[in-house]
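> Take a look at the following structure, please.
Read-outs throughout are calculated quantities, based only on the coordinates presented, and are distinct from any laboratory measurement. A quick note: this is a predicted structure, and the numbers were derived from the prediction, not measured. Cβ sites come from the backbone with ideal geometry, for glycine too, and all protein chains shown count toward neighbours.
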Amino acid sequence: MKSTALKRKSFIRLRDGLLGLLILVVLVLLVLRFQKTGNPQQEINQFKPEAGYLAPRFTLRNLKGNLEGLDDHAGKVIVVNFWATWCAPCVEEMPSFETLYRRFRSQGLTVLAVSLDKGGSSKVQEFVDKHKLSFPVLMDSEGVAEKLYPSFTIPFTYVIDKQGRVAARVDGAKDWQSPETFKAVEYLLTQ
């Protein structure tokens, strides 16, 4: 009887010791994790093409040959559309971008159409003239912006709020003149 009580007592000590050791390991892992992630505010202020993060900056040549980029439109809601003249869904959604731009440009919205065409700008200029597009069209023939905003689809679009943060990403073509889109843009313009 005495040996059973001693065994039970040493088992309880062993179990308490293991539990204490486990708690210590968990605490150390938590401390290491928080040290690794650092300040959450610092992480949010990183440039990433993801919702909530600052939009990666780029500067490209527009169709007039001038440099233009996100910083030129700071303080506005910016719709950045990556497209190409050979892309059928891209061609289809361009008129709705023009409608969106004309409706909200006086309220602080801009559309930047980043062409992924690899040839010269003449084909893009013909497209812009044919469709009477009035928003800025930038040439990314070197793939500068495309590397900052990687995607497996075309077209793809980012909506950037007035503070320069990515508010949304849309893969594929969308109707940019729908009532839902207008409400979302109106909301962003009031922020």
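> Positive end of the charge dipole of the stretch 41-191 (Lys, Arg +1 and Asp, Glu -1 on Cβ, about the Cα centre): tell me which of Q177, Q191, P56 has its Cα farthest that way.
Of Q177, Q191, P56, it is Q191.
> Name the residues of the stretch 149-173 whose amide N is less than 16 Å from a point 7 angstrom out from the Cα of E126 along the C-beta direction?
Correct set: none at all.
> Sort 123-129, 59-65, 93-99, 112-118 for me by packing, meaning the mean count of neighbouring Cβ atoms within 10 Å per residue, highest on top.
Details: 123-129: 16.1, 59-65: 14.6, 93-99: 19.1, 112-118: 21.7.
In decreasing order of mean packing, 123-129, 59-65, 93-99, 112-118 become 112-118, 93-99, 123-129, 59-65.
> Arrange the following residues from fewest to most other Cβ atoms within 10 Å of their Cβ: Y101, Y158, Y53, Y187.
Working: Y101 19, Y158 24, Y53 16, Y187 12.
So the residues, fewest neighbours to most, are Y187, Y53, Y101, Y158.
> Taking just the alpha carbons, could you work out the radius of gyration and Dmax for the stretch 59-190, both in angstroms?
Taking only Cα atoms of the stretch 59-190, I get Rg and Dmax of 13.6, 39 Å.
> A follow-up question, please. At a threshold of 8 angstrom on Cα-Cα distance, excluding pairs fewer than six apart, so keeping six or more, what relative contact order does the stretch 83-191 reach in percent? Could the numbers behind the result be given before it?
Numbers: 130 pairs, mean separation 33.9, N = 109.
Worked out over the stretch 83-191, it gives 31 percent.
> Which ³J(HN,Hα) values in Hz, rounded to whole numbers, follow from the phi angles of the stretch 51-56 under the Karplus curve 6.51 cos²θ - 1.76 cosθ + 1.60, where θ = phi - 60° and Gly and Pro get x?
Whole-Hz 3J(HN,Hα) from phi for the stretch 51-56: 4, x, 9, 5, 6, x.
> Distance between Cα centroids, the stretch 134-172 to the stretch 63-89: provide it in whole Å.
Here the answer is 7 Å between Cα centres.
> Quick check on the exposure proxy: order W86, W176 from fewest to most C-beta atoms within 10 angstrom. Don't skip to the end; give the middle numbers.
On the way: W86 14, W176 23.
Taking fewest neighbouring Cβ atoms as first place, the list is W86, W176.
> Okay, next question. Please turn the phi angles of the stretch 77-89 into ³J(HN,Hα) values with the Karplus equation 6.51 cos²θ - 1.76 cosθ + 1.60 (θ = phi - 60°), one per residue in order, whole Hz, x for glycine and proline.
7, 10, 9, 9, 10, 9, 8, 8, 5, 8, 9, 4, x
> Please arrange F182, F104, F156 by counting, for each residue, the other beta carbons lying within 10 Å of its beta carbon, fewest first.
Arranged by neighbour count, lowest to highest, F182, F104, F156 become F182, F104, F156.
> Sticking with this structure for a sec: Amide H of R165 versus every other amide H placed in the peptide plane: which residues, excluding those fewer than 5 positions away on the same chain, fall under 5 Å?
It is A55, by chain and number.
> While we're looking at this one, here's another question. Could you quote the convex hull projected area for the stretch 117-156, Cα atoms only and averaged over all directions, in nm²? Walk me through the intermediate numbers first.
Working: hull surface 13.0 nm².
Averaged projected area of the stretch 117-156's Cα convex hull equals 3.3 nm².
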